[in-house]
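We did not get these values from a lab; they are worked out from the coordinates using the rules stated. Keep in mind the model is a prediction, meaning the values are calculated, not measured. Positions of Cβ are backbone-derived with ideal geometry, glycine not excepted, and every protein chain shown enters the neighbour counts.
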Amino acid sequence: MSILIGIADTTFSKVNMGEIAERTLREEGEGIKIRRITVPGIKDLPRACITLLKECDIAMALGMPGGEEIDKQCAHEASQGIITTQLTTGKPVIEVFVHEDEAESPKELVRITRDRTKKHCINTLMMSRKSYARTMIRRAGTGRRQGRKDVGSIE
Amino acid sequence: MSILIGIADTTFSKVNMGEIAERTLREEGEGIKIRRITVPGIKDLPRACITLLKECDIAMALGMPGGEEIDKQCAHEASQGIITTQLTTGKPVIEVFVHEDEAESPKELVRITRDRTKKHCINTLMMSRKSYARTMIRRAGTGRRQGRKDVGSIE
Amino acid sequence: MSILIGIADTTFSKVNMGEIAERTLREEGEGIKIRRITVPGIKDLPRACITLLKECDIAMALGMPGGEEIDKQCAHEASQGIITTQLTTGKPVIEVFVHEDEAESPKELVRITRDRTKKHCINTLMMSRKSYARTMIRRAGTGRRQGRKDVGSIE
Amino acid sequence: MSILIGIADTTFSKVNMGEIAERTLREEGEGIKIRRITVPGIKDLPRACITLLKECDIAMALGMPGGEEIDKQCAHEASQGIITTQLTTGKPVIEVFVHEDEAESPKELVRITRDRTKKHCINTLMMSRKSYARTMIRRAGTGRRQGRKDVGSIE
Amino acid sequence: MSILIGIADTTFSKVNMGEIAERTLREEGEGIKIRRITVPGIKDLPRACITLLKECDIAMALGMPGGEEIDKQCAHEASQGIITTQLTTGKPVIEVFVHEDEAESPKELVRITRDRTKKHCINTLMMSRKSYARTMIRRAGTGRRQGRKDVGSIE
């Protein structure tokens, strides 16, 4: 059976996160279909996801909040909305936010964005099929990171 | 088919944002109709939008929070309510907030307000018709800004 | 047709805000009826408003948060609840909060409280009748303030 | 008719707040019945109240947040949940939180806890019967405090 | 009658909290069945719990937030979502969060994680059966702590 994955991204982001996600999902996933909605900013993502999840089985919410205090607040509001979206629909939304001030250069910011988006595409594919539930459990507590190297277990 | 757009704005704002939006939407949009509600302050905007969205397809929430700490908190509460409004109705609300402390002079504040309001009118028109969905996707990750110059892509 | 207005206020407040509101609404409004509920503190106001709005067309939520950090947090929680109340019922609640640390003397605090409460009574009356919707729109962007002088438009 | 009052308290608290409430309600109230649920911490209180309010007419949520930054955040989350509980059920929940850092000694902390809990039991009894609604209104704006002396009116 | 307990944990955590919980619940509980979901990070826990609670009677949400400011915000959003989950389903979710900056060494972090997880497993078992409700009430106000020693009552 074909899995329908939703992608929501923004025109505010300085990297085309939606395109990275689309390409990665098509490369890594089998028998999947994609719906995509692009909105102005991260605070528009929760509604975009609600719309996508009317059809889709799972969604990705991609955004790049700025480095100012007000941007942190916007990211907080968007995240709350994304959680509410999941509780309302009962379906997962994988949030992929890259904060502009995480990196010290544009080049590093692009690198983090690509790494985080791609790794979360794999998470999305795993969560979209029941057959991968055991794989996720095997990875529990292993200190996985997206956007940088895994830190590993301390046990 | 005619698109019905709602505008909610405030008496608190020092700029008539609702009028700027009304004029821009009428100039730029075709076959649209407008409903407008003016409320005292930004915390009244979520309810105004819920009322507008009973009829309208999409709404704009326009406000100008003050520069004090308490105003930041009010803006935060209003934004949370605007997101909840969208999740409840399933319809988009474009939030246009201009913070009084974003500008160093009244003149600059007016300029930012006009630019941000007008650009978000274009976003609103694009999001109100399915035929523009591809245009939004083409703009994904291009670092668009409202109220100031676009910053562009870093890829 | 008679308009039913709800008033919710607190025993915590150092000024009888509910009485000021009741008197002002009766003086300024025609053909209105009032229901009033007094609760211990501001965090009890959202529930009081939900109860009032089962009957009433609109409500006022009156409170005087203290000046400590914890009081700011309580005010924030109360405000979020008041917005949720409006989104749930679809009816307006006019929040009238006066923070104890807004004034430098008890006398000034009383003056701010009276001014803000009275002005918001006028807002409440205007929002309770459709016939005043145009008046509110005419006031849009005029920098209205409650508790102190209007700052006016900067356009 | 018998009034059913719910009490929710925690094992985290250093004072048996539920017992103080139970004893006070039985001493001061007539014809009341009590249901009690004890949970681990304050973040478990909203759910406990939802459960109690299936049967009860009103509930008390009793807790003693610690003095660290993280405890303040927990208290904030619990308070938001307690307000949502009220908006969902339409029934009042009287929150009685005593922060560990409000007092300078364990002895003072016990004293504040007892005073606040007892006074809020009286509030609970008053809010549980319509016949006391006028008494609450007579107390409006009188600067009532729980856990310390009333500050009185400034009018 | 068999009790069905849900466990939600993360791949982000540096300790396999889900495994500790599974083992403890099986050792300490009788006639229980377990369902487990592992998700990427703590913000995915609320949705995982909603899914688990369709079947389960109670759930545990296990996570290890990082030590940065942004991690504190994520934990806050996750906690709000976990409370909403409980209010929506009416069922308890025991949150077990261990913050990376609670400990001064990896060894101590492992120790805190094990202690907190195990003690909350006992809480979960107690809350899953009505027959233990009296035991919880007997523990009220006794200053219980998870992850470190109980502080006891101050009465």
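Which residue is it, in chain A, whose C-beta lies closest to the A-to-C rotation axis, and what is that distance in whole Å?
Nearest to the symmetry axis by Cβ: A:Q80, 6.
Through the Karplus equation 6.51 cos²θ - 1.76 cosθ + 1.60, θ set to phi - 60°, convert the phi angles of segment B:101-112 into ³J(HN,Hα) values in whole Hz; use x for Gly and Pro.
Computed from phi, the couplings for segment B:101-112 are 8, 6, 10, 9, 9, x, 4, 5, 5, 4, 4, 4 Hz.
What translational D, rounded to a whole number of µm²/s, comes out for segment E:1-136 from Stokes-Einstein when the hydrodynamic radius is the Kirkwood one over Cα pairs, at 25 °C and 0.890 mPa s? Present the calculation step by step, with values, prior to reporting the outcome.
Values: Rh = 14.9 Å.
Taking Rh from Cα pairs, D becomes 165 µm²/s.
Can you return the lysines within cross-link range of B:K107? Criterion is Cα-Cα under 20 Å, with same-chain partners fewer than 8 residues away left out.
By straight Cα distance, B:K107 reaches B:K14, B:K118, B:K119, B:K149.
When the helix-only estimate is applied to chain D (DSSP H runs of n ≥ 4, each -39,500 (n - 2.57), divided by the residue count), what is the mean residue ellipticity at 222 nm, nearest 500 deg cm²/dmol? Intermediate results must be reported in sequence, preceding the final value.
Working: 5 runs with 70 residues, N = 155.
After summing the helix terms and dividing by residue count, I get -14500 deg cm²/dmol.
What does the charge count around A:G90 come to, taking other residues whose C-beta lies under 12 Å from its C-beta (Lys +1, Arg +1, Asp -1, Glu -1)?
+2
Starting from the 7 Å offset along Cα-to-Cβ, what nm value, one decimal, do you get for the label separation of C:K33 and A:R23?
It works out to 6.7 nm between the two label points.
Within segment E:48-155, which trypsin sites (Lys or Arg not before Pro) sit in a loop by DSSP and count at most 13 neighbouring Cβ atoms inside 10 Å? Let's see the in-between values first.
Values: sites: E:K54, E:K72, E:K107, E:R111, E:R114, E:R116, E:K118, E:K119, E:R129, E:K130, E:R134, E:R138, E:R139, E:R144, E:R145, E:R148, E:K149; in loops: E:K54, E:R129, E:R139, E:R144, E:R145, E:R148, E:K149.
Sites meeting the loop and neighbour criteria: E:K54, E:R148, E:K149.
Which ³J(HN,Hα) values in Hz, rounded to whole numbers, follow from the phi angles of segment E:53-64 under the Karplus curve 6.51 cos²θ - 1.76 cosθ + 1.60, where θ = phi - 60° and Gly and Pro get x?
So the J values, rounded to whole Hz, are 6, 4, 9, 7, 8, 7, 9, 10, 10, 10, x, 10.
Report the net charge of residues surrounding B:H120, where surrounding means a beta-carbon distance below 14 angstrom and charges are Lys +1, Arg +1, Asp -1, Glu -1.
Surrounding charge for B:H120 is +3.
For C:R35, which inter-copy label distances result when the label point lies 7 Å beyond Cα on the Cα-to-Cβ vector, reported in nm to one decimal and in ascending order?
Those separations, rounded to one decimal, come out as 2.5, 2.5, 4.1, 4.1 nm.
Which whole-number percent is the relative contact order of chain D (Cα, under 8 Å, 6+ apart)? Display every interim value, and only then the final one.
Working: 264 pairs, mean separation 35.5, N = 155.
So the answer I get is 23 percent.
Using +1 on the beta carbon of Lys and Arg, -1 on that of Asp and Glu, and nothing else charged, what's the dipole of segment C:44-105 about the Cα centre, debye to 20?
The dipole magnitude comes to about 520 debye.
Just to be sure I understand: of the beta bridges DSSP finds with both ends in chain E, what percent are antiparallel, rounded to 5? Walk me through the numbers before you get to the answer.
Numbers: 0 of 17 bridges.
Approximately 0 percent, going by the DSSP bridge assignments.
Where does the charge balance sit around A:R111 when Lys and Arg score +1, Asp and Glu -1, over other residues with C-beta under 14 Å from its C-beta?
Cβ neighbours under 14 Å give a net charge of +3.
Separation of segment A:37-97 and segment B:70-130 by C-alpha centroid, Å?
Between the Cα centres of segment A:37-97 and segment B:70-130 lies a distance of 17 Å.
Placing the label point 7 Å from Cα along the Cα-to-Cβ direction, what are the distances from D:R23 to the equivalent spots in the other copies, shortest first, in nm to one decimal?
4.4, 4.4, 7.1, 7.1
Determine the shielding of peptide B:84-93 by partner chains: average, over its residues, the number of Cβ atoms on other chains within 10 angstrom of each Cβ.
6
List the residues, sorted by chain then number, that are 5 or more residues from D:R35 or on another chain and whose placed amide H is less than 5 Å from its amide H.
For D:R35, the qualifying residues are D:I5, D:G6, D:I7.
Quantify how strongly other chains surround peptide B:66-75 by giving the mean number of their Cβ atoms within 10 Å of each of its Cβ atoms.
Across B:66-75, the average partner-chain Cβ count within 10 Å equals 3.
Can you return the lysines within cross-link range of E:K54? Criterion is Cα-Cα under 17 Å, with same-chain partners fewer than 8 residues away left out.
A:K91, A:K130, E:K33, E:K91
Karplus couplings for segment C:12-25 from phi (6.51 cos²θ - 1.76 cosθ + 1.60, θ = phi - 60°), rounded to Hz, Gly and Pro as x?
5, 4, 8, 10, 7, 5, x, 5, 4, 5, 4, 4, 5, 4
Going 7 Å from Cα along the Cα-Cβ axis for the label, what nanometre distances separate E:K130 from the same residue across the other copies?
Once sorted, the set of distances for E:K130 reads 3.2, 3.2, 5.2, 5.2 nm.
Sorted by packing (mean other beta-carbon atoms within 10 Å per residue), highest first, where do E:28-41, B:38-51, B:85-98 land?
Peptide ranking by packing, descending: B:38-51, B:85-98, E:28-41.
At 7 Å along the Cα-to-beta-carbon direction for both D:I122 and C:I122, put a label point, then send me their distance in nm to one decimal.
Output for this residue pair reads 4.0 nm.
So for the pair E:R134, B:S153, with labels modelled 7 Å out along Cα→Cβ, what separation do we get in nm?
Here the answer is 7.1 nm between the modelled labels.
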